[in-house]
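Below is one structure, written out as structure tokens; comments come after it.
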Amino acid sequence: QVHLAESGGGLVQAGGSLNLSCAASGPIFDVNSMGWYRQAPGKQRELVAFIGSENSANYADAVKGRFTLSRDNATNTVYLRMNSLKPEDTARYLCAASIAAIRPTREDSYDYWGQGTQVTVSS
């Protein structure tokens, strides 16, 4: 069982930055791709970004150019650098891991989920 632990959320003013981390433990050699989702109250969970084993990151249009996803295979950690934050980025951010998918764009592509970390952007 892969365990995912997110950290780095918090309260920030619009225009500010936050760095989220997701540390994976357990049989991480099974993991192919990692992703970040977010869910705001009353809204559906949405994909923010994902990165495959080749370390090529892909982003949702809403965050492209502002967020940067990276992966450190030595420490089994993925990082989400969030710049130019907007109030609409307010959500709970969840890390997810996929065993088989190379480009996991669907929720059901992911096998493991973290508990999430709250990001709140004030205007």
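The values are calculated or read from the model by the stated rules, or taken from the named source; none is laboratory data. Nothing here was measured: the structure is a model prediction, and the numbers come from that model. Cβ atoms come from the backbone with ideal geometry, glycine included; neighbour counts cover every protein chain shown. Side chains are part of the model used for accessible areas, which takes the heavy atoms of the whole protein and leaves out ligands, DNA and RNA. Shrake-Rupley method; radii C 1.70, N 1.55, O 1.52, S 1.80 Å.
Can you name the residue in segment 72-90 that is within 12 Å of the chain's Cα centre (by Cα) and more than 16 Å from Y37 (Cβ to Cβ) and, of all such residues, is modelled with the highest pLDDT?
R81
Taking into account only those residues within segment 107-123 that are among the hydroxyl-bearing types (S, T, Y) and assigned to a loop (DSSP other than H, G, I, E, B), which is surrounded by the most Cβ atoms within 10 Å (Cβ to Cβ)?
Step by step, filter segment 107-123, then rank; the result is Y110.
Got a sec? Which of A62, A101, A74 is in contact with a helix residue (DSSP H, G or I) (Cβ under 7 Å, 6 or more places away or on another chain), among the aliphatic types (A, V, I, L, M) and assigned to a loop (DSSP other than H, G, I, E, B)?
Only one candidate qualifies: A101.
One residue is enough: does segment 68-82 have a residue meeting the conditions touching a Gly at 6+ places or on another chain (Cβ under 7 Å) and open to solvent by less than 30 Å² (accessible area, probe 1.4 Å)?
no
Looking at segment 95-122, I want the residues that are of a type in the set (V, I, T) and have a partner that is part of a strand (DSSP E or B) and open to solvent by less than 50 Å² (accessible area, probe 1.4 Å) with Cβ atoms under 6 Å, at least 6 apart or on another chain. Which pairs are those?
Matching pairs, first to second residue: T117/E6; T117/Y93; V119/Y93; V121/V12.
Among the residues of segment 24-52 satisfying the criterion of being open to solvent by 40 Å² or more (accessible area, probe 1.4 Å), part of a loop (DSSP other than H, G, I, E, B) and in contact with a strand residue (DSSP E or B) (Cβ under 7 Å, 6 or more places away or on another chain), which is modelled with the lowest pLDDT?
Top of the filtered list is G26.
Condition check: touching a Phe, Trp or Tyr at 6+ places or on another chain (Cβ under 9 Å), farther than 21 Å from I99 by Cα and at pLDDT 95 or above. Does N19 satisfy that?
Yes.
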